[in-house]
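Participant: Here it is, the structure, as structure tokens.
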Amino acid sequence: MRDDTYQDSDLFNDAEKAAIAWAYHLTKYTFAQNPEALENMKKHYDHAQLVEATLVSGYFNMWNRFTDALETDIEGDDQMTLFTKSAVIDKQDLADFMNECWWAKENATEEKEALPASAGSEG
């Protein structure tokens, strides 16, 4: 997608659109040019998630500039054809896998612990 056309897409929810806008903004501009991008991120993500999204975006921006400046190919031509052999990922399989990851289990445990004692039992 080019520039901000993703904002009109049904492929992304509001939180995902905020993250895309944040990464795009960090890549192309400075914070002072669009402080609203940060405010929009805060609507959808907590402090730790915002720091992580900023770190990841900053890291890949640095890495792209580093490899570009040194004219370093990340993948050789022989590697680029391997993508055509990639398997199709089933959305439910991916969701099941992600729900089994440590962060999903940790989050579920925290949510369960936060419920009142009567929330999980039937009268």
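The values are calculated or read from the model by the stated rules, or taken from the named source; none is laboratory data. Just so it is clear, the model here is predicted, and its values are computed rather than measured. In this analysis, Cβ positions are derived from the backbone assuming ideal geometry, glycine residues included, and neighbour counts consider all displayed protein chains.
Participant: If the requirement is being assigned to a helix (DSSP H, G or I) and modelled with pLDDT under 80, which of these qualifies: ALA32, ALA21, ALA95?
Facilitator: After ruling out the rest, the residue left standing is ALA32.
Participant: For residues that are surrounded by 14 or more Cβ atoms within 10 Å (Cβ to Cβ) and free of Cβ contacts under 8 Å to residues at least 12 places away in the same chain, scanning just the stretch 3-32, find the one that is farthest from LYS43 (Cα to Cα).
Facilitator: It comes out as PHE12.
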